[in-house]
Amino acid sequence: MARQKGGGPVDRRVHNCCPCLSRRGRVLLGCPPFRELIVSAGTYPVFLRLKGKTCLVVGAGKVGARKARGLLASGARVRVVSLKVSWAFGEEDLSACEVVERGFDAADLDGMSLVVAATDSESVNGEVVSAARARGVWVNDVTSADRSDFILPAIVNRGGLTIAVSTGGGSPAYARFVRETLEEEFGEEHTAMVNLLTELRPRVMDSLEPDVRPAFWEKVVTNETLDLIRSGQADELRERIERWLSS
């Protein structure tokens with residue numbers, strides 16, 4: 001039986017042809033019934049490059065602050081429009097955003113790439129959605145997945161590795177549950193792994209022929225490599241990589 005982080009056993013079961021990984025009663029990888037739910041959600045997963053683009057957040061409560069921080073982390077310019085700004089916005093958040101303390105106006109949408117309607121009022125959020133649709137601007141309504149053009153997933157970040165979890169708006173609580181499970185499963189060794197692979201890629205592209213690159217990556221991208229990173233054996237790992245590159 002496989003071992004989990006911390007030494008306990010990991011219970012692996014097989015449902016038809018799909019491996020399901022259960023840890024402490026938590027399902028980590030979906031078997032066919034879960035896949036069917038994902039397909040039926042009618043969403044198309046995608047990562048957007050928002051660096052330098054301007055996005056609007058309407059509402060400055062706890063939810064609005066969280067959405068604004070996520071947009072800022074992507075490199076977007078963020079404008080926040082709200083009658084009042086809550087304590088959830090720290091000084092750093094306020095200095096990074098353009099904050100307009102008043103009610104929403106349809107003109108606020110001019111020049112926006114994305115909009116998040118994050119007030120606690122369904123009617124105000126509905127007004128934002130209607131105005132955004134009239135201008136062809138994609139909008140997320142935090143109070144209604146059905147009215148949203150896109151869903152903001154739960155995120156796990158490990159350096160260059162980003163894992164996004166969504167239930168298509170069906171159950172944000174379950175998306176958070178899965179995110180927390182993944183945060184336990186994917187430690188900081190995955191940050192180091194992505195950094196290593198990013199550093200290696202140009203060398204591999206320059207020094208190895210296309211037909212041998214897959215075999216090289218299969219040697220590097222393994223649980224054994226992650227174990228070496230976890231145990232601090234960076235020198236041993238780099239020696240192996242140099243041998244593989246020269247062989």
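Quick notes on this structure:
- Additional length obtainable on full extension of the chain from residue 86 to residue 242, 0.36 nm per residue less Cα span: 50.8 nm
- Length gained when the stretch residue 144-residue 101 is fully extended (0.36 nm per residue, less Cα-Cα span): 13.1 nm
Computed from the coordinates by the stated procedures, all read-outs in this text should not be read as laboratory data. The model shown is predicted, which means the values in this text are computed figures rather than measured ones.
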